[in-house]
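Below you'll find the structure, written out as structure tokens, and then a few comments.
The values are calculated or read from the model by the stated rules, or taken from the named source; none is laboratory data. All figures in this text were calculated on a predicted structure; none of them were measured in a lab. So basically every Cβ, Gly included, is an ideal-geometry build from the backbone, and we count neighbours across all protein chains shown. Heavy atoms of the whole protein, side chains included, go into the accessibility calculation; ligands, DNA and RNA do not. Shrake-Rupley method; radii C 1.70, N 1.55, O 1.52, S 1.80 Å.
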Amino acid sequence: RDMVKEVKLLYFASAKEVCGKDSECMNMDDNATAKDVFLKVLENYKDLEQLKDSLVLAVNLEYTSIDSSRPVQDGDEIAIIPPISGG
Amino acid sequence: RDMVKEVKLLYFASAKEVCGKDSECMNMDDNATAKDVFLKVLENYKDLEQLKDSLVLAVNLEYTSIDSSRPVQDGDEIAIIPPISGG
Amino acid sequence: NTRTVSDPDCPDNIHDVVQLTTDPLEKLNLLSLVGDDCAGAVASFIGTTRDHFHGKKVVRLEYEAYIPMVKTEIRKLISILRSKWEVHKVAIIHRLGLCPVGQASVMIAVSSAHRRNALEAVHWAIDELKARVPIWKREVYEDGSCWKENAE
Amino acid sequence: NTRTVSDPDCPDNIHDVVQLTTDPLEKLNLLSLVGDDCAGAVASFIGTTRDHFHGKKVVRLEYEAYIPMVKTEIRKLISILRSKWEVHKVAIIHRLGLCPVGQASVMIAVSSAHRRNALEAVHWAIDELKARVPIWKREVYEDGSCWKENAE
């Protein structure tokens, strides 16, 4: 099986502004991890570099580190989460 | 000076029920203390004995122990304060 | 009890609310009482009358107070509160007389710039009120009545 | 999020309120949200938008949220809260979109039989919400705008 997986990316707040969009789909290799997804996003949006140290991910509504070796599944929803400011 | 001092007594909650009134005036000797006032009230209302250990006084709106040797002044307002239950 | 707040962002004189009333407290609006465009946090505590006590059904409650001393004690309480926490406005309102089951008997609200101050101040204020302020509650049951006593 | 309370005096099933809304929170009534004839205490926290930030005048604020994750995180938060404190009802409501200066952006209310539980739970809940729930605030000034970041 040499499937390509499609993940849905969501961008919020400052990440949305930097990337110029709030969501998109992206294809990943079969054995890709959450970290691989994040690195590919960084490659696509060079200006995101400046926010990099403050970002975390959410994979299917669960917080996940940008270094996570968790394998992604086809259909996963992966959000780029800048520092929160609710309340 | 062998003045008689008049103090105003206030009774609240269970003390009011036991004494059957919410206020009255009482004459005290010139050198009477808060403690003397309390003892005289106890003498006048025997049924107050059962509450005695839970009572405090307020002299002119300030908490005062029933043992207080604070001298009373003519016109003092002295309240008999059972355990409070505000809130 | 008017004071000038030291916070330069919030320079208005501030009037604390200290009130004893036989009216229901339900219609009072916390933000109207203590809200402020310059305060980011409003914490509050509302005590409501319970419908039971050790399994006995409470039919109604009555509050009695030594009114002038209540006001003196609450003002002292607010003055100590302000020495412990930097807060904007404080409101302390107690209902007197008949209070139907389920309705509010006491309301404390505090606004502040930083939420921790308002939250801690409200917690301290209700503990202090219950320990020091001369108010008495009588619970009336189907088969009698009883003057309550605060545990703490 | 329905549960049966263990307190025999208060046997009804209880529905927590978790809500995201673009409507003003001002009209909400705390006692209607979490009040209970069997609960003696209602504690609350309301966060309001401030009119200044480091001396700069804030013209308006906007809140954005990752809505499905906010709901998941708040329900987790309430579940942890209930494991730490015995409480009756919990309401957590956050405003989204435009929020005029001085208006409420978040409201947390908790009822309990013993006041300490409601008071501590509310304090913990707002700290936890600010630390974990994916909501973002943008402050708009006369000369620009800025995505905020919670300090704690």
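Odds and ends about this structure:
- Portion, in percent, of the accessible area of the protein assembly as shown that falls on carbon or sulfur, probe 1.4 Å: 45
- With Cα atoms, 0 to 90° folded angle of helix A:34-44 axis to chain A main axis: 60
- Compared with the dominant Cα axis of chain C, that is its longest principal axis, helix C:115-132 is turned about 40°.
- Over 23 Å between alpha carbons, listed pairs A:Lys16/A:Lys52; B:Lys52/C:Lys137; A:Lys21/D:Lys148; B:Lys35/C:Lys71: B:Lys35/C:Lys71
- Inter-label distance, nm, simple model (7 Å from Cα along the C-beta direction), D:Lys84/B:Glu77: 4.5
- Against the criterion of solvent-accessible heavy-atom surface with a 1.4 angstrom probe, C:Trp124, C:Trp136 sort, most first, into C:Trp124, C:Trp136.
- Counting from the shortest, the label point at A:Arg70, 7 Å from Cα toward Cβ, is 6.5 nm from the same position in each remaining copy.
- Measuring from each Cβ of chain A to the axis that turns chain A onto chain B, the shortest distance belongs to A:Gly87, 14 (residue, then whole Å).
- The stretch A:11-69, accessible area per residue, ligands and nucleic acids excluded (1.4 Å, Å²): 53
- Summary for A:Asp47: label point 7 Å along Cα→Cβ; distances to the equivalent points in the other copies, ascending, 8.3 nm.
- Nearest to the axis that brings chain D onto chain C is this chain D residue, judged by its Cβ, with the distance in whole Å: D:Ser44, 2.
- In nanometers and ordered shortest first, the copy-to-copy spacing of the D:Gly144 label point, defined 7 Å from Cα toward Cβ, is 7.3.
- For the stretch A:69-87, heavy-atom accessible area (probe 1.4 Å) falls by no less than 50 Å² from the chain alone to the full protein assembly at A:Pro83, A:Ile84, A:Ser85, A:Gly86, A:Gly87.
- The B and C chains share an interface that buries close to 1900 Å² of accessible area, total over both sides, probe 1.4 Å.
- Between B:Tyr63 and C:Arg116, the simple label model (points 7 Å from Cα in the Cβ direction) yields a spacing of 2.9 nm.
- Charge sum, other residues only, whose C-beta stays under 15 Å from C:Cys99's C-beta, Lys/Arg counted +1 and Asp/Glu -1: 0
- Acute angle (nearest 10 degrees) that the helix D:67-84 long axis makes with the longest principal axis of chain D, alpha-carbon atoms: 40
- For D:Lys27, the aspartates and glutamates whose Cα comes closer than 18 Å to its Cα, not counting residues fewer than 8 places off in the same chain, are C:Glu26, C:Asp36, C:Asp37.
- Interface residues in the stretch A:1-34 - accessible area drops by 50 Å² or more relative to the isolated chain, probe 1.4 Å: A:Phe12, A:Ala13
- Averaging Cα coordinates gives a centre for the stretch A:1-74 and one for the stretch B:59-87; these two points are 71 Å apart.
- Only helical runs count toward this figure. For the protein assembly as shown, summing -39,500 (n - 2.57) over DSSP H runs of n ≥ 4 and dividing by all residues gives -7500 deg cm²/dmol at 222 nm.
- Chain D contacts chain C over a buried accessible area of about 3000 Å², both sides summed; the probe is 1.4 Å and only protein chains count.
- Per-selection metrics, the protein assembly as shown (Cα): Rg and Dmax in Å: 28.6, 112
- Averaged over residues, the count of other Cβ atoms within 10 Å places the peptides B:4-13, C:113-122, D:53-62 in the sequence C:113-122, B:4-13, D:53-62, highest first.
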